[in-house]
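These notes are about the structure you will find just below.
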Amino acid sequence: MPDHRKSSKQPGEFELIARLCADLPYGSRTVLGPGDDCAIIAPSRRLQLFTIDSMVEGVHFNLDWLSPQALGARALTVNLSDIAAMGGVPRTCLVNLGIRQGLSSAFFLRLYRGLASAARAVNVDVVGGNITRSAQLTVTIALLGEVAHQALRRDTARVGDDIWVTGTVGDSALGWRIMAGEVKAEGSARRYLIGRFVAPTARLAEGQKLSRIRPAPALIDISDGLLADLGHILERSRVGAELDLGAIPRSRPYLAVAGERMDFALSGGEDYELLFCMRPNHSVQSISRYLGIAVHRIGRIVERQRGLKLRRSDGRLISASGMRGWDQLKGA
């Protein structure tokens, strides 16, 4: 079990801030980085995207499950996924740490090392932040980005659109439950599923490619669960949907551990895959080739009054009402 306890001699707040900021990445678009009352960044002519997300100990993570570096990288990735869902390019971020008692300065240096590595990988400037005392460890990141080609929104799905998803779904939810001891798994399947929770991927390049398609697809990243996030699109676009249960993509490790259970794939959260709706004139092969990853057509958009239905293997449609996604407030 990792030991994150304080050493006998701890730096003060400003000394810790100076240490954490010593190796943060920022480039020419940042006029003034950490160290003043505000950062100064150069303006852009593109439409700006702004998002903020928090990770709270005991709700979104457990320190027995994640190394400090993994926590820092993951905290940025969940924000990067929001930018990906808008078809954007991430640019600049601020970090707020809520620090509880019992954690060493070495822990936070490692956390920032993971954060900085993830930021460099996608050319994001980390321009400062804030530290405050907290009952629980919290990592909050505010991320600024810009629209690459056209902004992708949740309110543009149209009746007749096909519904697509990148990659596979349900893996992260299974990984979370494996670490929590709720699901048993061994070997490579266990490692893969836990890895999908610990180190998710933000589909930035895929979102930017989708932003070139006209008319613009409706798009959302899967953070709350497939059904819940599709529900956000349906609500904003005032439409309904029919999903083909047999088309919901599940990985081999998922099938090895969960078999034919669909609940993790439908209602699990934090896969950070992209769910998008667009006109029905694209083949699976062409979209997979265009995005450079596997994509799956899983249903279609219908009239609003038909709601959200699931099509079983026998062709029967059943209502999806009552099936909930990942509850971010309760962590379940």
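The values are calculated or read from the model by the stated rules, or taken from the named source; none is laboratory data. Keep in mind it's a predicted model, so treat the numbers as computed, not measured. Glycine also receives a Cβ, built like all others from the backbone with ideal geometry; neighbour counts cover every protein chain displayed.
Computed quantities for the displayed model
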quantity	calculated
Segment 240-266 - residue that is among the small types (G, A, S) and in contact with a Lys or Arg (Cβ under 6 Å, 6 or more places away or on another chain) and, of those, surrounded by the fewest Cβ atoms within 10 Å (Cβ to Cβ)	G240
Among residues of segment 144-162, those that are among the β-branched types (V, I, T) and either surrounded by 24 or more Cβ atoms within 10 Å (Cβ to Cβ) or out of contact with any Asp or Glu (no Cβ under 9 Å at 6 or more places or on another chain) (or both), counted	2
Count of residues meeting criterion [touching a residue at least 40 places away in the same chain (Cβ under 8 Å) and within 17 Å of R238 (Cα to Cα)] in segment 287-324	12
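Every residue, every condition in (1) over 23 Å from I220 (Cβ atoms); (2) basic (K, R); (3) not assigned by TED's automatic domain parsing to the domain that holds A73, yes or no:
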{"position": "G98", "(1), (2), (3)": "yes, no, no"}
{"position": "A106", "(1), (2), (3)": "yes, no, no"}
{"position": "A118", "(1), (2), (3)": "no, no, no"}
{"position": "D125", "(1), (2), (3)": "yes, no, no"}
{"position": "L137", "(1), (2), (3)": "yes, no, no"}
{"position": "R154", "(1), (2), (3)": "no, yes, yes"}
{"position": "G187", "(1), (2), (3)": "yes, no, yes"}
